[in-house]
Structure formats: C-alpha cells, structure tokens
Amino acid sequence: ATPSTVELVAGYAPRLPNLVVDPVLVNSAGTRLFPSTVDTAYRSGLFPHAAVVTPNLHEAELLTGRTLSTVDDMAAAAAELAGTGARCVVVKGGRAPGAEAVDVVWHAGAVRLLRTPWIDTPNNHGTGDTFAATAAALLARGAGVDAALDGAKAYVQAALARGAAWRLGAGHGPLGWPTSVG
C-alpha cells in the first residue's frame, strides 16, 4: 500500500454505503508494514466513508499513537478513530481476564463489547481478515451493523473451534470453516 493507492480506492468510497475498511498496517508480530503516510491516508481518505473500520490492537495503536493495554484503552481508541467520520469502529484482538476474546465496538456514540470464550489454538491465522470479510458480507445481505458484527464474531468463533485440533506442521494454521454464515 502507498498513499496514492489508498487515495485511489478512497475515490470510489463515497459510492459504497456499506464499506468495511480493514486497515492491514502491521503483521501478526506487530511490525509496521508501511510508512506512516499510509496510516494518514487511511484516516483521511477511507475512514470518513466507512460503515465499519476494523483495526486490530496493533493497528489501533499505530493509528492513535498510544499503547492499548486495557478494554478501556481500546474503547478510547475506537472513539478516537470514529472521530475520523467512520460510522462504526471495532478494535479487534483483546484478551480479557477470564480467558475471553474481546473486541471493542464504538457505534452511534455507544461502546459495547463482543465477547466469546478464548480458544487456545495455533490455527488462528486470518481471524481479523475473516471477521472483516464476514461483516462486509452480512452488511451486503442487508443486516444492520450490530447484527453484522455479532454474526462475524460468531462465525470467527465457530471457525476457530472447527480447526482448533488440526495439526498442520509448524506455525499458525488456518481457521476451520463453519457450515454457514449468520
């Protein structure tokens, strides 16, 4: 990604009422993939047109310039990113005490948490991408934002559960595939 690529895509954004922006800015280890000018292009070019923005914890840290270590930090980051004009922001990837997977949603001025039990598996590659794509698919099918996010969270949870016991060599494996999408 370059700022000019993001700006090119942003030129089409006003025509996309259910745009979901998943800003892939860091790798799974938290290492930046692109220069900070790309972050700025996302914030000013795409986020103002987004129905939903779905940064993971590391991306939200880059986009806000602060460390996010608690659910309250994640909520503050989601609210700040909503200030770009995004109608909804989901900061993905928190792990709360009690072994829960927690995503923080800012929507219409309110914060809510998407919570599911933590599934301890190495087969978790693509959870954030799958969440964003599933939310986009559900919005395209006519679901409201909250229903789309709930459905995406349930789909990812089912995908993690389905592939949890797979042993596929070294490293992070793929998600399993649930039988249906909400």
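From the list V9, V24, V38, which one is part of a helix (DSSP H, G or I), hydrophobic (A, V, I, L, M, F, W, C) and open to solvent by 10 Å² or more (accessible area, probe 1.4 Å)? Write out each step before concluding.
Values: V24 fails: part of a helix (DSSP H, G or I); V38 fails: open to solvent by 10 Å² or more (accessible area, probe 1.4 Å).
Exactly one of V9, V24, V38 is part of a helix (DSSP H, G or I), hydrophobic (A, V, I, L, M, F, W, C) and open to solvent by 10 Å² or more (accessible area, probe 1.4 Å), namely V9.
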Margin query: Anything in segment 87-118 that is assigned to a strand (DSSP E or B), open to solvent by 20 Å² or more (accessible area, probe 1.4 Å) and at pLDDT 95 or above? List them, or say none.
Written below: W106, H107, A110, V111, R112, L113
Check: Any idea which of T84, T121, T67 is closer than 21 Å to L19 by Cβ, part of a loop (DSSP other than H, G, I, E, B) and either without any contact (Cβ under 8 Å) to a residue 60 or more places away in the chain or hydroxyl-bearing (S, T, Y) (or both)?
Finding: T84
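The values are calculated or read from the model by the stated rules, or taken from the named source; none is laboratory data. Predicted model only: the values in this text are computed from it and were never measured. Cβ: placed from backbone, ideal geometry, glycine included. Neighbour counts: every protein chain shown. Surface accessibility is based on the protein's heavy atoms, side chains included, excluding ligands, DNA and RNA. Shrake-Rupley method; radii C 1.70, N 1.55, O 1.52, S 1.80 Å.
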